[in-house]
Each structure stands twice: as structure tokens, then as C-alpha cells.
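Reviewing the structure listed below.
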Amino acid sequence: MSTSPSPLLPAVPHLIIPESEEPYLQGSRCGQCEAVFVGTRNVCSACGARDQMTPFALANEGELYVFSIVHRSFPGIEVPYVSAVVDLDGGGTVKGNLIGIEPDPEKIKMGMRVKTVFEKTDRKDAEGNEYLAYFFQPA
Amino acid sequence: MANDVYVIGVDMIKFGKFPDRTVPSLGAEAALLALDDAGLTIQDMQALYCGNLMEANAMVGQRVLQEIGQTGIPVVNCANACATGATAFREAWIAIKAGIYDVVLAVGVEKMAGAGLLGGGRKRKGIPTEGLLGSGTMPAVFGEAGMEHSRKYGTTFEQFAKVSVKNHHHSTLNPKARYQIETPLDEVMGAEMIAYPNTKLMCSVNVDGSAAAVLCSEEKMRQLGGSRAVKVTASALTSDRWTERDLTMPDVSTCTREAAKAAYEMAGCGPEDLDLVELHDCFATAEILHYENLGLCGDGEAGRMINEGEAQLGGRIPVNVSGGLLSKGHPLGATGIANVYEVCTQLRGEAGARQVDDARIGLTHVIGLGSACAIHVFEKQ
Ligand SMILES: [Zn+2]
């Protein structure tokens, strides 16, 4: 019986956890129209091209596009939190919690530089598996 | 245009909380009201188009007929998020337009009271991501959409809040609205913050409700002597075309702009010809975006438009004189047809204390997030 911790699972499929390298967010780009998507897919929903999608690692830095500060959520979810929409450098728009900044509309500036950080979350699934999530913080 | 379509009967129940009523019984009540308004019976109807979201797998249209008359007519049950009722209405319009039927019934119904926060809570494999990877709750999603407008044009929290003050004021003149309560600006801005910049009073009200309309062909309208008939001059439905951020941050503007363009073209009019608009104010932030999306003002002018009272009853282009989703209430499947009721009632000159002077042309707009946009244009005969 092993006592070593089981590896962390990704909170979403587009979060990739390589064995010996840093985690990253996966995107894909259409070879026909250049549209960028979060995650992988076979068909481009921008132009309809099939089998033209190339996966690539999304950048770990970008710009805060917009945000909302959530004060009421579902039972058991800690508030407030900042829901952030981030445009990553080189393409791809991702949503995540913005951390490391006061949840105050006066403090959070749209257009500010942010970076992606990867941290273990407290949330476990029904089998007790542990998960890695991503967050954004001011760069 | 060939096969013009008319609304010859339309009504809604007063929106509210009806814990002891079933969805079909609420739908049946609106259906009977609309039939009475048309001076027709269920035996005259050739088809039923029924909009309901939360029981979309449960034959709501047939169950409405089981309450008011099982005549064996075709029933189509529609679900299209918050565009559900408008989609049912449009299916009815298409059937008349195509010349398949002369007179049909469209019903929208929903039980929403106590539904709480919507969106973001979807159960998936693994762990829930709400509050971990941002928010999928509706107040936050529309908060972010409003912040995009702020980012572009400097729109303020106060300007968004003014939408709520206006629509709550309008609803004090509408006995069928859920609430008839004035909410001054400081009260709206000081209410519990749900998801910045939307406070509780800037979120639409979850209510139970139903609305129904009888649609017919021009020939049928003349045969019935429809002096109160209202002409449907345009029906447009779009989905979310691919745009850069749509899959992360639903783009409710592009689908609205495309539907508006198609609707104005079909109706042979422009936004400057409208006398009133019932648009999708699911959150106060959303109404601001749609002033521009529908062409009621130029891009970047929505903040000025709300500041100067142009969207108020008596203003340049009254918006949501019914009280809107913010105060009349937002029973998803019923909302689109309740909008039709408001515009037709105004064009008939029967809106009482909230009557828009000389209303001749009106527009209805809804957004189903995910996304669908439905727009209809109506003209007085
Ligand atoms: Zn493409």
C-alpha cells in the first residue's frame, strides 16, 4: 500500500499537467482562419474548417478584459470573489478568479496586466481526489 | 408583403407567486384570456405553439390543451432559454406566414418563484468550478457584459442603477407587473450587491407567469373584423455568431445587432420610427447595451440616454414601460409573449396610466443566453 499522495487532477480539461514540466492552459488555433479556442476541438466554429485545429500552450500572461465581483453565490461557496475575463497574450480568452487584489471596483483596473498561477484547490470530488486549478493575479 | 400576420388576441396573467398552481394551469389561464380577447374559442385554433423552459421535457402544450380543450391540433413545444416565449410566438408567425394555418395560438408559461440564483451551478464530473474559475451566475455574467460597456465608454454604476429606477417606476403604472414599488436611486445603489455592478434591485425578478397570443392571417383578420388587430411587421431570430470572446463571455450584442438589422429591414422601418420598445432587461446592465444594439442611440451614447431620461415614459423613446423584467418579472417562457402583450396593448391605445401617446410602431426583444435573440416589430392598423 502506497502512502505517497496521488497526483492532482486538473479542475477542467483544458488545464494540462505534464509529468515533469509546469502546468499550462491548452488552446487551439484554426489553420484556416486563425481563430483561437480554449481547449481542443476538431472543427472550427468560426469558419467551419475540419481537421485544421492545432493545439498549443496558451500564454501565462495577459490583460484583464472585464470583471465582476460576486457577493452572492451558491451555498458553501466563499464570497466575495472576483470573476475575471482575461485576454491571454497571443490569443485565447479565459475566465477565472482574480486573486491577490482587493475585491474592490476602485482597485481593479480593466486593462491591467495579469499572470496565470496554478494552485491546488481545497475542493475534492466524491472519491476524495484532489485538484489543481488556475487563478489570475496582478503581474 | 404576402400573407401578413396579425395578433388578434393577446393577454397575460398578473405575474406573481402561485405555489399551488401547476405550469399547465397557468398556461391555460393565459390561453383563455387571449382567446376571449380575440372573441374566439379553442375550437377555432388550428395549432398551438407553447413556450416553457423548466418542464421542456414534459409536453406542457398538450397539458394546457388537456385543461382547456383537447381538439387534436398539432402542438409544438419550444425551449430556447429566455427567448423561449418569443420563439414559440415566432413559430406561430411562421406557420401563418407560410399559409399553412389561418389562426393559431401561442402560449408562454413558467414557474420561477423561489428559483434563486441561475447559472453557474451545473453539476459536472469532477469538482464544481463556480467561484473557483470565476462565475457563471447570471448576475456576474451580465455584470461582466456591463463592465465591457464601462471599459469602452466609461459607463458608471450609477448609470446602470438608473435603469432600475426607471423600470421600477414604470411598473407602478402596470397592475399586471409583479411589483408596483418606486425604488429611488440611493435605494437601488445601496441594495445588497449581488455581482458588481448589479445590486439585488438591478436583477430581474423570478416569478410565475403566463401570457398568450392568437395570431391569424390577413384574410382571417378581415373576416373577423379585427379593428383591434395589430400587424406583425417583422420577426427575426438569430444565434450567437462566432466572435472572439463569445465562448468565454457570451456576446449578447452581436446577435441582437444582427436580429435588429434583419427586423428593421423586414418591417421597412428604422429605430427612429419606433414609439416604444420592450427589451431584455434581465439585469440593469443589459438594458444599457441594448439601447445601442437596437440602434435607439449611437454607440457610446447609452449612458447619456439614461441620464437624460430619453427611455422614460414621456421621453424620446420609452423603453420597458411595462416595468420590464426588472419589476414586471421574468418568467422565462412567458417573457417573450408578455412583451408582445405590452406592445400590442400600447398600440391598441389600451395601456391606461402608462399609455405612450400616439403609439403606432413598437418593438419587442429578448435574449436567451447561450445564445438566441428574437425581435418582433408591430404596427397599429
Ligand atoms: Zn477557422
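Please treat every number below as a calculation from the coordinates, not as lab data. Source: prediction; values computed, not measured. As a convention, Cβ positions derive from the backbone with ideal geometry for all residues, glycine included, and neighbour counts pool all protein chains shown.
Overall, the range B:228-372 carries a charge dipole of about 440 debye about its Cα centre when +1 sits on the Cβ of Lys and Arg and -1 on the Cβ of Asp and Glu, all other atoms neutral. Principal axis extents of the Cα atoms in chain B, from largest to smallest and rounded to whole angstrom, are 54, 50, 40. Debye-formula intensities of the range B:132-241, expressed as log10 I(q)/I(0) at q = 0.17, 0.18, 0.19 Å⁻¹, are -0.97, -1.02, -1.06 (one equal scatterer per alpha-carbon, no solvent). Evaluated on the protein assembly as shown, the Kirkwood hydrodynamic radius is 24.0 Å, with distances taken between all distinct Cα atoms. Placing a pseudo-label 7 Å from each Cα along the Cα-to-Cβ vector at B:D36 and A:E106 gives an inter-label distance of 5.6 nm. Using C-alpha pairs below 8 Å separated by at least 6 residues, the relative contact order for chain A is 21 percent. A simple charge model with +1 on the Cβ of Lys and Arg, -1 on the Cβ of Asp and Glu and nothing else charged puts the dipole of the protein assembly as shown at about 640 debye relative to its Cα centre.
With a 10 Å cut-off around each Cβ of A:42-55, the average count of Cβ atoms from other chains is 1. What are the ³J(HN,Hα) values, in whole Hz, obtained from phi via the Karplus relation 6.51 cos²θ - 1.76 cosθ + 1.60 with θ = phi - 60°, for each residue of the range A:52-62 in sequence order, with x given for Gly and Pro? So the J values, rounded to whole Hz, are 10, 8, 10, x, 7, 7, 5, 5, 8, 9, x. Of the residues A:N42, B:L215, B:A311, the one whose Cα sits farthest toward the positive end of the charge dipole of the protein assembly as shown, with +1 on the Cβ of Lys and Arg and -1 on the Cβ of Asp and Glu, is B:L215. Amide H neighbours of A:Y131 under 5 Å, at least 5 residues apart or on other chains, H built in the peptide plane: list them. The list, which skips near neighbours in sequence, is A:L9, A:T121. Taking every C-alpha pair closer than 8 Å and separated by at least 6 residues, the mean separation divided by the residue count of chain B gives a relative contact order of 26 percent.
I'd like to know which of A:L58, A:G76, A:P23 lies farthest towards the positive end of the charge dipole of the range A:1-90, counting +1 on Cβ of Lys and Arg and -1 on Cβ of Asp and Glu. Final value for the positive-end residue is A:G76.
Per-residue mean of foreign Cβ neighbours for B:241-251 is 5 (Cβ atoms of other chains, 10 Å radius). Taking amide H as placed 1.01 Å from N in the peptide plane, B:T199 has its amide H under 5 Å from the amide H of B:I194, each at least 5 places away in sequence or on another chain. What pairs from A:K109/B:K200; B:K125/B:K152; B:K17/B:K97; A:K95/B:K176 go past 31 Å between their alpha carbons? Those over the limit are B:K125/B:K152; B:K17/B:K97; A:K95/B:K176.
3J(HN,Hα) couplings calculated from phi for the range A:128-139 with the Karplus curve 6.51 cos²θ - 1.76 cosθ + 1.60 (θ = phi - 60°) are, in sequence order, x, 5, 9, 10, 9, 10, 10, 9, 10, 9, x, 7 Hz; Gly and Pro show x.
In this label model, A:S6 and A:F56 are separated by 3.6 nm, measuring between points 7 Å along each Cα→Cβ vector.
Only bridges with both residues in chain B count here: give the DSSP antiparallel percent, nearest 5. In chain B, approximately 75 percent of DSSP beta bridges are antiparallel ones.
Inter-chain Cβ neighbour count for A:91-99, averaged per residue, equals 4 (cutoff 10 Å, partner chain atoms only). Cβ distances below 4.7 Å define possible disulfide partners, and in chain B the cysteines left without one are B:C50, B:C78, B:C82, B:C203, B:C216, B:C269, B:C282, B:C297, B:C344.
For the range B:1-65 versus the range B:295-347, the inter-centroid distance based on Cα atoms is 23 Å.
Among A:N97, A:N60, A:N42, whose mean-square fluctuation peaks in a Gaussian network model of chain A (Cα, cutoff 10 Å)? Per the Cα network of chain A with a 10 Å cutoff, A:N42 tops the list.
Each peptide among B:262-268, B:282-288 gets the average number of other Cβ atoms lying within 10 Å of its residues, and from highest to lowest they stand as B:282-288, B:262-268.
Beta bridges from DSSP with both residues in the range A:9-138: antiparallel share about 90 percent, rounded to the nearest 5. Here is the P(r) of the range B:1-136: all C-alpha pair distances, binned every 5 Å from 0, give 2, 10, 18, 20, 17, 11, 7, 6, 4, 3, 1, 0 in whole percents. The Rg/Rh ratio of the range A:9-138, with Rg taken over Cα atoms and Rh as the Kirkwood radius over Cα pairs, comes to 1.00.
Taken about its Cα centre, the range B:25-171 carries a charge dipole of about 760 debye when Lys and Arg each add +1 at the Cβ and Asp and Glu each add -1 at the Cβ. Got a sec? Charge dipole of the protein assembly as shown, +1 on Cβ for Lys and Arg, -1 for Asp and Glu; which of B:P24, A:P10, B:G108 is way out at the positive end? Checking the options against the dipole of the protein assembly as shown, the answer is B:P24. Packing, as the average of other Cβ atoms within 10 Å across residues, places the peptides A:28-39, B:233-244, B:366-377, B:317-328 in the order B:317-328, B:366-377, B:233-244, A:28-39, highest first. Using the Karplus relation 6.51 cos²θ - 1.76 cosθ + 1.60 with θ = phi - 60°, the per-residue 3J(HN,Hα) values for the range A:108-115 come to 8, 10, 5, x, 5, 6, 9, 10 Hz, with x marking Gly and Pro.
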